[in-house]
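Okay, structure first, notes after.
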Amino acid sequence: MLKISTRGQYALLIMTDLAEADDGTFIPLKTLSHRRNLSVKYLEQILIQLGKAGLVTGSRGTNGGYKLSRKANEYTTGDILRAMEGELSPRGLSENNHLDSEGNDFFWKEFTQNINHFVDSITLDELAQKNRDFAGYEYCI
């Protein structure tokens, strides 16, 4: 079963936060942590992994924090999920020969291709825009 970990889900949320505020400035770690109610240590682990994948840039100091390494429309959700989860496959990495047959093999390859096509078809910019659109519906009574 293909299951995206909470780290992968939070990585997508944090990247969306960075995309929504993408004005070229660094967003402090504490600000990102507060927005999603995550511990600074946990969030830092996620951001370090995203940084190693080249998806975010970090800076220390007074005006430090994190920002996207490139424009939001240049990322796909697949890029972000693969940075956290590795390859996205419902079968996992081990292939059991006794489970293979031409029909089954075809099914699993098509299933994997469809999953990857889907996550690669949605950009980070699209997610951020949907969040911005939805924010217009929020109100307090």
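The values are calculated or read from the model by the stated rules, or taken from the named source; none is laboratory data. What you see is a predicted model; the values in this text were computed from it and never measured. Ideal geometry is used to build each Cβ from the backbone, glycine not excepted, and the neighbour counts take in all protein chains shown. When the accessible area is computed, the model is the full protein with side chains, heavy atoms only, and any ligands, DNA or RNA have been set aside. Shrake-Rupley method; radii C 1.70, N 1.55, O 1.52, S 1.80 Å.
Data table
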{"item": "Dipole of segment 29-78 [Lys/Arg +1, Asp/Glu -1 at C-beta], most positive-end residue of T62, S33, L50", "result": "T62"}
{"item": "Helix axis angle, 102-120 relative to the chain longest principal axis, alpha carbon, degrees", "result": "10"}
{"item": "Segment 29-80: C-alpha pair distances exceeding 14 Å, %", "result": "55"}
{"item": "Carbon/sulfur fraction of accessible area - the chain, other protein chains in place, 1.4 Å, %", "result": "52"}
{"item": "Sum of -39500 (n - 2.57) over DSSP H runs of 4+, divided by residues of the chain (222 nm, nearest 500)", "result": "-17000 deg cm²/dmol"}
{"item": "Accessible surface, segment 1-94, averaged per residue in Å² (probe 1.4 Å)", "result": "56"}
{"item": "Hydrodynamic radius (Kirkwood) for the chain, which is based on Cα pairs only, to one decimal in Å", "result": "16.7"}
